[in-house]
Structure formats: C-alpha cells, structure tokens
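Derivation of every value follows stated rules applied to the coordinates shown; laboratory data play no part. It should be emphasised that the depicted structure is a prediction, and the values quoted were computed from it without experimental measurement. Heads up, the Cβs are rebuilt from the backbone with ideal geometry, glycines too, and the neighbour counts pull from every protein chain shown.
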Ligand code: ADP
C-alpha cells in the first residue's frame, strides 16, 4: 500500500511555499491560509479562517466580486481564466494595497468545490519597473533635448558662417595685395572646413531626433555619381590620385530616390578614400539588380588603394565620433561623423553601409540602397543610344592606370566603338607607327614618361 501524506504533512508542505496559498469553500469563506499568506497579508490564519475572501481585496473591488467568483466557480463567464496568471490588487491587514500576481484554480473533492489562489506580492518588481520607465523616459527626453539643441545651434552658427564665406569670396574679387589675398584665402578655406563640420553635426542631430526626411524624385544615377566625383576631382588631382567610376550592366538609368542624400554618401566615402590614400586610385562602381518584391537594390562601392583599416577596428568606425586612432585625427582631420551619417542615410534608403579593408592595401566601402526605376531603361542602354554618333569609330586609349584603361575600354565597347589601349606614350606611338589607325584618342594628361599634351603633338605628326 503506497504511503500517503497526512493532512498535517500536507499543511507543512504548503507552509514551506514562499507564495501566499489561500483556499476557500464554495461560499468563498477562507478555509486555508498558509504561512506565506500570513507574511504577505499580515493576518494570521486564525484571524481569517471562516472570513470572506473579499476582505483581502481593496474595498473598491469588493462589490460584484462574489458574483465574479461565483461565475468562475460554476465554470461560466470567467472560466477561460481558470489557472491563468493575472495581476490583481490586494490589501494587507494594515490597509495598505499592493499589486499581486495570482493564479486561481478550482478543484472539486468529495462533491465540494474548492478555490485555490496562489499569490505573489509584486510591489517591489512593479516599483522597480516604474523607476526604470521613469529613468528611461527622462534619459530619452534629455537626449531629444540635447539633439534639438544641437540642431538649433548648428543652424544658428551656419547663418553667420555663410556671411563670412560670402564676404571673403567678395573680398577676393577686390583689389588686394598678395599678403592680404593669402590671409583671405586662409579665412575662406577655414570657414569652409568649419561649415562642413557644422553640416555634419546638423545632419547627425537631425538623424538622432528623427527629423531628417528623405525626398523622392527622378534623377540619373550616372549624373549623381559624376557630380560627386566633380566635387572631389581637385583634391584627388592634388594628391596625384586617379579617380574613376564605372556603372555595371543592370543598373537602371534613372531612379526615384533622394539624389542629394545619395550624393552626400558618395562625397563622404570619396573624401575619406582620398584622404586616406597616398598612392594609386579611387574607383566608384555601381551595380544593381532587380528585387523580387519590386524596385532595385543598388550598390555604390568606393574602392581605394589607401592605408586600410586594421580588422579589429572595422566594427568601430561606424560609431559616432570614432576614428581609427586619435593620432589619425591630427594628421587627417575630421569629426568621425561622416560614416555614421552615411550609414544611417543608406539604412533610411532601405540598404546599409559595409566595409572591406586590408591594412596597407586599401578599403572598399559599399553603400546599398533600394530604389524604384523611373522607367525601365537601363543605364547601359541609354548610353548606347546616346553613343550612336561614335559607333564604329576607332578610339585610342592611353592611360598608365590599368583601372582607367579597363573602364574606358569597357565604355568604348558599350558604345560600339573599336578601342585600342596603350599604357604609355611610347606604347601608343609604337601602335600608331605599326599602322593602327584611329579616329579619336583619349589621353591621360599625367603620365610618367610623356604628358598628354606632348603625346598629342607627337601623334599629330603621324
Ligand atoms: P572622419 O570625419 O574622421 O573621416 P568618418 O566617420 O568619415 O569620420 O570616418 C571614421 C574613421 O574611419 C576615420 O577617421 C578613419 O580612421 C577611418 N576611415 C574611414 N574611411 C577610411 C578609408 N577609406 N581608409 C582608411 N580609413 C578610413
């Protein structure tokens, strides 16, 4: 015969429980009140046994309570809540209220219905949650206020700064001596640098408070890339870097997106690429593919042959105000906001920004966006149509940079031309002497052995 628990043993076990365990009969008179319940409510079992269960809840919840429990008892209205957990209000002996988590269940023994409620005082947890919520709300409010302040300040600073820049430009057009011109140039370039920083701060704070809205209009992908390159061509040429771009097949000619913000991303990536590259080239390539759900996913990759980024810092560079190392700041300048802004903008455009880099070899930053095509023309088709006039012409391409040669060859082939490439002036002259005729030549201006202008003169002789 199996060993069964005596009523005393059972009641001891129930008393071990941390939680309040309360049982009532079918008239809701308390028949069991464990030690846990005594601790939670402040009543002793002797005081409450035989009393109405309603005494454990705040007076305002008492009316109607009996009926609700009766309904529950008879398995009607609230039956679905049987055994379910819920938060209820309870009241202690001293009249103080507290929130409790309760599980109520019904059992029938010997033809009698018993209701059992297991309760846990959750006032501490609730208070903690409330504190947490308050802290979070005030942190958010402070953050918002700070960003709004930053946005307003940036705007305020921009106004007088624009006057400084405008006036120095006017001053430069007046009759001033060389020394004055030198000072004025410095004022202008410094104020332009300051303006760039403030613009970054303004964008950053607008992004923080979610006040940056994207526009949507039709523009040509090629033009957007070219505009970004135009802006940076002078600094690339100052550093003797080759700057090039290519648009891969499959990219729509005209897209619906925010051209200004896309150009901003490109300018950001390009100026970083130029800033951190001392020899070689910076190349933008655009690729695209249609998405199943409609529209295109376009990737704008900016590849450089610069100093690269150590692997362990790759994750950090997208954080605000972060630069690979503090000494870089002094050497290269910048705020550490460019990539943060670019990434956020790309994300707002449905894509993102990723990086691939090898120290000493260079970096590739890829900004992806999602955009609808304005019509279904692909960039390469538009180019081909525009190229009707040059179709079939022979073109001589002379450039010491292999990437540039490749891009120009590809472009010329797309236009239906017959291209011929040479890596140096000597090679080009040899080709011509060997009897390779051409209709038009594209010459690199800066080449080591002979510059473009002299080569042109030489070629003319033939
Ligand atoms: P910054 O205004 O300092 O350029 P960014 O957010 O644009 O801020 O870039 C953050 C840091 O990432 C830079 O300071 C630099 O250390 C690193 N970085 C960005 N682009 C390149 C790149 N093309 N090559 C090497 N390092 C880069």
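The relative contact order of the chain comes to 9 percent, based on Cα pairs under 8 Å that sit 6 or more residues apart.
Stokes-Einstein diffusion of region 172-307 at 4 °C, 1.567 mPa s viscosity, Kirkwood radius from Cα pairs, rounded to a whole number: 75 µm²/s. A Förster radius of 45 Å combined with the Cβ-Cβ distance from residue 187 to residue 361 puts the calculated FRET efficiency at roughly 0.70. Extent along the principal axes, Cα only, for the chain: 120, 59, 41 Å, with the longest axis given first. Packing order of peptides 392-402, 210-220, highest average first: 392-402, 210-220 (average count of other Cβ atoms within 10 Å over each peptide's residues). Each 5 Å bin, from zero up to the one with the longest distance, holds this percent of the alpha carbon pairs of region 387-460: 3, 18, 29, 24, 18, 6, 1.
Against the empirical 2.2 N^0.38 Å (N residues), region 127-208 has a Cα radius of gyration ratio of 1.75. In this label model, residue 211 and residue 155 are separated by 0.5 nm, measuring between points 7 Å along each Cα→Cβ vector.
Relative to the longest principal axis of the Cα atoms of the chain, the long axis of helix 178-208 lies at roughly 30 degrees.
Pairwise Cα separations in region 340-437 fall into 5 Å bins from 0 onward with the following percentages, short to long: 3, 11, 12, 12, 13, 13, 13, 11, 7, 3, 1, 0. With the biggest extent put first, the Cα atoms of region 102-161 measure 89, 18, 6 Å across the principal axes. Temperature 4 °C, viscosity 1.567 mPa s: under these conditions the Stokes-Einstein estimate for region 217-379, based on its Kirkwood radius over C-alpha pairs, is 81 µm² per second. Between 0 and 90 degrees, rounded to the nearest ten: what's the tilt of helix 7-16 against the longest Cα principal axis of the chain? Around 40 degrees separate the two axes.
Here region 406-441 is scanned for amide nitrogen atoms under 15 Å from the site 7 Å beyond the Cα of residue 394 along Cα-to-Cβ, giving 417-422, 428-441. The ranking of 55, 450 by Cβ neighbour count inside 10 Å, starting from the fewest, reads 55, 450. Taking the C-alpha atoms only, the angle from helix 452-461 to the longest principal axis of the chain is near 40 degrees. Find how much the distance from residue 197 to residue 372 grows on full extension, using 0.36 nm per residue of separation minus their present alpha carbon separation; answer in nm with one decimal. Between residue 197 and residue 372, full extension yields an extra 59.8 nm.
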